[in-house]
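The values are calculated or read from the model by the stated rules, or taken from the named source; none is laboratory data. Keep in mind it's a predicted model, so treat the numbers as computed, not measured. Using ideal geometry, Cβ is built from the backbone for each residue, glycine included, and neighbour counts are taken over all protein chains shown.
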Ligand SMILES: [Ca+2]
């Protein structure tokens, strides 16, 4: 694969020049996905400045910061993993990245899904990546870990392979979270929905492993014959967001519904989240799904759902200082409605939803908090954006 070095836009204008001009705003509004560098947007309780860090990316899907302030940037469509200098926007692709089952077009969903830097990276050097492996005839979601050395991944080892391999190229899931020494991985049901209710396979499940890939003995199905020991929860459709709340340790996930019924779930051990038996969505034809049920005994209700769908991707609990009013909020990217979704949560419930900014068509796929509390977004038009308070003295409260 060609690995061209991309030099991205460098923003070095003094803040006084960053007030958006009428032209910049017109550009942002006229193109459905264009973003005006330096634009200031109003949010519920303040103003946010939008900086274009990089553009021309190939479906930016994940960002993970290293202790030195640089970040690993994943581009799903190209299967590319790069080192990003956030201050300059310089992007240098890494060597040693595994070959992947890439999407043939925008209708397919294969490629590089997620990248994590281990919280103990300074000590152990581990980087985790999830991607699709295989061929059009047989492919699946996999997780590797590797170390970074001289601009390349080295010592790469396989931690998880979702079984069985499947002959289509959508609904891979592929989000990861490292929580207290455990690795959680979302796996989509590959658009073959009955897989989500079959404990004999990994599709349509959330997986829990030790951080080195071993199966924990206390997983709910570790000792049940015929069931996959890696399964932590089941009955999921296509989860592309996963994050643990640092305030209380709860693990949250979201997943795509069919037509409507995107869900937010608090993920617990051994629980069946119901797809495709219960859903708040419908078939794309408008027909009910299955028996048209939205609840049934023994199947868990979502803590929140979207009707119509927002197509959620990426998820982060905000803990930074830059936006005090967002602290504790769950940030969710939204692709179909084109915005960043902010959910105010408490005790495992959603109390309030803000969609910001209104009126944009950004198709946000990636959400990540930066070390300084700024918020990075990746959009399907190929932008990597940084959100900062419009005026430092008037941080959003
Ligand atoms: Ca559900």
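Residue 270: within 16 Å of the ligand (Cβ to nearest atom), at pLDDT 95 or above and surrounded by fewer than 18 Cβ atoms within 10 Å (Cβ to Cβ), yes or no?
So residue 270 passes the test.
Any residue at all in region 67-81 that's part of a loop (DSSP other than H, G, I, E, B), surrounded by fewer than 17 Cβ atoms within 10 Å (Cβ to Cβ), at pLDDT 95 or above and in contact with a helix residue (DSSP H, G or I) (Cβ under 7 Å, 6 or more places away or on another chain)?
For region 67-81, residues part of a loop (DSSP other than H, G, I, E, B), surrounded by fewer than 17 Cβ atoms within 10 Å (Cβ to Cβ), at pLDDT 95 or above and in contact with a helix residue (DSSP H, G or I) (Cβ under 7 Å, 6 or more places away or on another chain): present.
Taking region 82-126 as the search range and keeping residues that are without any contact (Cβ under 8 Å) to a residue 60 or more places away in the chain and in a strand (DSSP E or B), which one is surrounded by the fewest Cβ atoms within 10 Å (Cβ to Cβ)?
Filtering region 82-126 for residues that are without any contact (Cβ under 8 Å) to a residue 60 or more places away in the chain and in a strand (DSSP E or B), the one surrounded by the fewest Cβ atoms within 10 Å (Cβ to Cβ) comes out as 85.
Please pick out the residue among 178, 183, 199 that is modelled with pLDDT of 95 or more, closer than 26 Å to residue 350 by Cα, away from the ligand (no atom under 15 Å from the Cβ) and surrounded by fewer than 21 Cβ atoms within 10 Å (Cβ to Cβ).
Of 178, 183, 199, the one residue that is modelled with pLDDT of 95 or more, closer than 26 Å to residue 350 by Cα, away from the ligand (no atom under 15 Å from the Cβ) and surrounded by fewer than 21 Cβ atoms within 10 Å (Cβ to Cβ) is 178.
Report the residue count in region 127-152 for those that are in a strand (DSSP E or B), surrounded by fewer than 18 Cβ atoms within 10 Å (Cβ to Cβ) and free of Cβ contacts under 8 Å to residues at least 40 places away in the same chain. So that I can check it myself, show each step before the final result.
Looking only at region 127-152, we keep the residues that are in a strand (DSSP E or B), and these are 127-135, 138-149, 152.
Restricting the remaining residues to those that are surrounded by fewer than 18 Cβ atoms within 10 Å (Cβ to Cβ) gives 135, 138, 147, 149, 152.
Cutting the leftovers down to free of Cβ contacts under 8 Å to residues at least 40 places away in the same chain gives us 135, 138, 147, 149.
Total meeting the criteria: 4.
Tell me, which residue of region 210-256 that is within 11 Å of residue 187 (Cβ to Cβ) and away from the ligand (no atom under 16 Å from the Cβ) is surrounded by the fewest Cβ atoms within 10 Å (Cβ to Cβ)?
Ranking the candidates gives 228 first.
For residue 279, indicate whether it is within 14 Å of the ligand (Cβ to nearest atom), without any contact (Cβ under 8 Å) to a residue 60 or more places away in the chain and farther than 19 Å from residue 355 by Cβ.
In short, yes.
Using the structure shown, decide if residue 263 is within 18 Å of residue 342 (Cβ to Cβ), near the ligand (Cβ under 10 Å from one of its atoms) and either touching a residue at least 40 places away in the same chain (Cβ under 8 Å) or out of contact with any helix residue (DSSP H, G or I) (no Cβ under 6 Å at 6 or more places or on another chain) (or both).
yes
Answer yes if at least one residue in region 294-303 is within 11 Å of the ligand (Cβ to nearest atom), surrounded by 15 or more Cβ atoms within 10 Å (Cβ to Cβ), under 24 Å from residue 341 (Cβ atoms) and touching a residue at least 40 places away in the same chain (Cβ under 8 Å), and no otherwise. Can you show your working first?
Initial filter on region 294-303 (within 11 Å of the ligand (Cβ to nearest atom)): 294-296, 299-303.
When the remaining residues are screened for being surrounded by 15 or more Cβ atoms within 10 Å (Cβ to Cβ), the result is 294, 299-303.
With the extra rule that they be under 24 Å from residue 341 (Cβ atoms), the set shrinks to 294, 300-303.
Remaining after also requiring touching a residue at least 40 places away in the same chain (Cβ under 8 Å): 300, 303.
Yes, region 294-303 contains a residue that is within 11 Å of the ligand (Cβ to nearest atom), surrounded by 15 or more Cβ atoms within 10 Å (Cβ to Cβ), under 24 Å from residue 341 (Cβ atoms) and touching a residue at least 40 places away in the same chain (Cβ under 8 Å).
Looking for whichever is buried (at least 21 other Cβ atoms within 10 Å of the Cβ), within 20 Å of residue 243 (Cα to Cα), touching a strand residue (DSSP E or B) at 6+ places or on another chain (Cβ under 6 Å) and in contact (Cβ under 8 Å) with a residue 60 or more places away in the chain here; the options are 340, 385, 366. Which one fits?
366
Is at least one residue of region 27-35 within 30 Å of residue 138 (Cα to Cα) and either at pLDDT below 95 or surrounded by 15 or more Cβ atoms within 10 Å (Cβ to Cβ) (or both)?
Among the residues of region 27-35, not one is within 30 Å of residue 138 (Cα to Cα) and either at pLDDT below 95 or surrounded by 15 or more Cβ atoms within 10 Å (Cβ to Cβ) (or both), which makes the answer no.
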